[in-house]
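The values are calculated or read from the model by the stated rules, or taken from the named source; none is laboratory data. This one's a predicted model, so the numbers in the text were calculated from it and none came from an experiment. Glycine also receives a Cβ, built like all others from the backbone with ideal geometry; neighbour counts cover every protein chain displayed. The protein model used for the area step is the full one, side chains on, heavy atoms only, and it has no ligands, DNA or RNA in it. Shrake-Rupley method; radii C 1.70, N 1.55, O 1.52, S 1.80 Å.
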Amino acid sequence: MVRELIARRFGYPLQGLVKGTRTNKLLAFLRESQYWDEQKLYDYRLDKLKRLIEHCYENVPYYGRLFRECKLKPSDIRIIEDIKKIPILTKDIARKEPSDLIARGRYVKYVKKGKTGGTTGVPFIFYNDSNSRSMSWAAFNRWLEWMGICYYGRTVSLWGQNRVIKESKLKKIYANCVDYATNNITINAYRLNVGNMNAVLHKINKFHPLFIKGYASSMIRLAQYMNQNSITIGSIRAISTTTETLLPYYREYLESVFKVPVYDQYGCGEVTSIGFECGAHNGLHINMEHVICEVLGSGGDEVMNEDGLVIATDLDNYTMPFLRYDTGDIARKSDEPCSCHVNQPRLLSIQGRLAEVITLY
């Protein structure tokens with residue numbers, strides 16, 4: 001209870017001040033917008049798209065040049081479907097012209113530098129501003145509420161992107177302070193092995209987490225050890241996987257070991273928080289307030305209920321906008337109503353994200 005109070009009253013508010021985010025304010029908004037009728041949601045997204053297009057035309061060199069070459073003006077984007085007039089942004093283009101994708105004169109204090117994982121090609125550097133991160137984290141916290149968990153609840157993260165290389169003692173102390181203030185424990189997924197698994201699980205059980213999230217492969221390794229050694233984690237209410245494709249067999253196995261539902265999510269560093277799975281467990285709801293997600297068939301037209309290429313537009317990142325970005329992923333989209341009553345279309349299946357694990361004996 002003490003750490004939850006610290007996280008709610010101190011940790012997360014301080015994190016917002018330091019990082020320039022406004023997650024809680026947007027979370028309150030998303031709680032309402034998920035139940036908007038179709039027209040109200042459409043109007044909201046169209047307004048965001050028009051403002052973003054105007055910004056890109058005037059301030060982003062690549063898009064200004066692209067629009068002129070295509071003889072397009074911002075006024076030509078009258079409805080959301082007009083976004084198809086804009087050529088697709090590929091990873092190759094982003095690699096070749098990264099500086100031209102950055103808006104001129106943007107305030108960079110709260111801009112975060114990232115790097116693509118390389119699971120669907122050669123990695124490249126991108127920048128994500130606080131507006132986009134705020135909406136992404138608010139959507140993530142709304143997702144937690146779909147599971148019946150508060151964002152400041154006890155969480156274990158099997159992660160490792162920023163902790164793979166050796167860190168200084170100062171950085172470790174800082175990371176531990178952040179974890180404490182946000183009621184979280186971070187386990188380095190890249191250093192998870194048979195030799196330390198028992199100690200890791202002891203640490204997790206001592207913490208009594210409500211929620212465990214991590215790379216799918218790391219969650220599976222943890223589950224295998226738990227299953228082989230008859231270890232349980234009785235406090236958790238839900239678990240989630242990320243980064244790698246959650247195949248049906250893996251979902252079934254994780255649920256059988258952890259004894260709680262598995263919730264899947266989908267996104268990429270360039271366009272964060274694209275989709276989240278609700279309690280109906282019948283696909284991932286597209287985060288419509290934040291992203292325009294197209295699924296294109298082989299002919300280049302948008303398709304429903306069949307596999308297609310995921311093309312995503314981040315409606316919130318004004319520092320390095322990604323308009324009609326080719327994620328390199330394959331998915332299937334459905335606009336049929338969901339029993340959970342969240343008024344967002346769903347991605348029924350997602351393919352193309354797969355990481356390999358090498359086991360050393």
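Any residue that is of a type in the set (Gly, Ala, Ser), modelled with pLDDT of 95 or more and in contact with a helix residue (DSSP H, G or I) (Cβ under 8 Å, 6 or more places away or on another chain) - is there at least one of those in the range 109-122?
no
Conditions: (1) hydroxyl-bearing (Ser, Thr, Tyr); (2) part of a loop (DSSP other than H, G, I, E, B); (3) at pLDDT 95 or above. Ser256 meets all but one. Number of the miss?
All conditions pass for Ser256, except number (2).
What pairs can you find where one residue is in the range 297-310 and under 15 Å from Ser349 (Cβ atoms), the other is part of a loop (DSSP other than H, G, I, E, B) and of a type in the set (D, E, K, R), and their Cβ atoms are less than 7 Å apart, with a gap of 6+ or different chains?
Pairs found: Gly297/Glu306; Met304/Asp335.
Scan the range 92-99 and tell me whether some residue there is at pLDDT below 95, within 24 Å of Phe276 (Cα to Cα) and open to solvent by 20 Å² or more (accessible area, probe 1.4 Å).
The answer is no; no qualifying residue exists.
When you look at Tyr152, is it open to solvent by 10 Å² or more (accessible area, probe 1.4 Å), under 23 Å from Tyr110 (Cβ atoms) and in contact with an Asp or Glu (Cβ under 6 Å, 6 or more places away or on another chain), yes or no?
Yes; evaluated as a whole, the condition is true for this residue.
Provide a single number: the residues in the range 46-65 that are under 28 Å from the mean Cα position of the chain (by Cα) and over 15 Å from Tyr318 (Cα atoms).
Total satisfying the criteria: 1.
Give me the pairs, please: first residue somewhere in the range 66-78 and more than 19 Å from Asp100 (Cα to Cα), second residue anywhere and among the basic types (Lys, Arg), beta-carbon distance under 8 Å, and either six or more positions apart or on two chains.
Here the result reads Asp76/Lys85; Ile77/Lys50; Ile77/Lys85, each pair linking the range 66-78 to a residue that is among the basic types (Lys, Arg).
Could you tell me which residue of the range 71-86 is farthest from the chain's Cα centre (by Cα), considering only residues that are of a type outside the set (Lys, Arg) and open to solvent by 50 Å² or more (accessible area, probe 1.4 Å)?
That would be Ser75.
Name the single residue that is surrounded by the most Cβ atoms within 10 Å (Cβ to Cβ) among those in the range 311-350 being touching a residue at least 40 places away in the same chain (Cβ under 8 Å) and β-branched (Val, Ile, Thr).
Filtering the range 311-350 for residues that are touching a residue at least 40 places away in the same chain (Cβ under 8 Å) and β-branched (Val, Ile, Thr), the one surrounded by the most Cβ atoms within 10 Å (Cβ to Cβ) comes out as Thr313.
Please note which strands (runs of 3 or more DSSP E) are completely contained in the range 260-308 and include at least 2 residues that are open to solvent by less than 20 Å² (accessible area, probe 1.4 Å), within 24 Å of Ile239 (Cβ to Cβ) and not charged (D, E, K, R).
Of the strands (runs of 3 or more DSSP E) lying wholly inside the range 260-308, those with at least 2 residues that are open to solvent by less than 20 Å² (accessible area, probe 1.4 Å), within 24 Å of Ile239 (Cβ to Cβ) and not charged (D, E, K, R) span 262-266, 275-277, 284-286.
Check the range 190-197 and report whether any residue there is touching a Phe, Trp or Tyr at 6+ places or on another chain (Cβ under 9 Å), in contact (Cβ under 8 Å) with a residue 60 or more places away in the chain and in a helix (DSSP H, G or I).
Among the residues of the range 190-197, not one is touching a Phe, Trp or Tyr at 6+ places or on another chain (Cβ under 9 Å), in contact (Cβ under 8 Å) with a residue 60 or more places away in the chain and in a helix (DSSP H, G or I), which makes the answer no.
Which residues, taken from the range 11-27, are within 19 Å of the chain's Cα centre (by Cα), assigned to a helix (DSSP H, G or I) and farther than 23 Å from Ile292 by Cβ?
The answer is Tyr12, Gln15, Gly16, Lys19, Asn24.
Based on this model, can you work out whether Tyr250 counts as closer than 30 Å to Glu289 by Cβ and open to solvent by less than 20 Å² (accessible area, probe 1.4 Å)?
Criteria not met by Tyr250.
Can you name the condition, by its number, that Arg65 falls short on among (1) open to solvent by 90 Å² or more (accessible area, probe 1.4 Å); (2) closer than 30 Å to Asp301 by Cβ; (3) among the charged types (D, E, K, R)?
In the conditions (1) open to solvent by 90 Å² or more (accessible area, probe 1.4 Å); (2) closer than 30 Å to Asp301 by Cβ; (3) among the charged types (D, E, K, R), Arg65 misses (1) alone.
I'm told Lys71 meets every condition in (1) farther than 25 Å from Thr327 by Cα; (2) in a helix (DSSP H, G or I) except one. Can you identify the failing condition by its number?
Only one criterion is unmet by Lys71, namely (2).
Just the residues that are in a helix (DSSP H, G or I), at pLDDT 90 or above and among the aromatic types (Phe, Trp, Tyr), please, taken from the range 147-189.
Selection gives Tyr180 alone.
Touching a strand residue (DSSP E or B) at 6+ places or on another chain (Cβ under 8 Å) and at negative phi - does that describe any residue in the range 55-77?
Checked against the condition, which is being touching a strand residue (DSSP E or B) at 6+ places or on another chain (Cβ under 8 Å) and at negative phi, the range 55-77 yields no hits at all.
Provide a single number: the residues in the range 28-45 that are within 22 Å of the chain's Cα centre (by Cα), at pLDDT 95 or above and open to solvent by 90 Å² or more (accessible area, probe 1.4 Å).
2
Pairs needed: first member in the range 12-36, within 12 Å of Asn141 (Cα to Cα) and among the basic types (Lys, Arg); second member anywhere, at pLDDT 95 or above and surrounded by fewer than 16 Cβ atoms within 10 Å (Cβ to Cβ); C-beta distance under 9 Å; at least 6 residues apart or different chains.
The qualifying pairs are Arg31/Glu145.
Condition first: exposed (fewer than 15 other Cβ atoms within 10 Å of the Cβ), at pLDDT 95 or above, among the β-branched types (Val, Ile, Thr) and within 30 Å of Arg142 (Cβ to Cβ). Can you find one or more residues in the range 51-58 that meet it?
Looking for residues that are exposed (fewer than 15 other Cβ atoms within 10 Å of the Cβ), at pLDDT 95 or above, among the β-branched types (Val, Ile, Thr) and within 30 Å of Arg142 (Cβ to Cβ), one finds none in the range 51-58, hence no.
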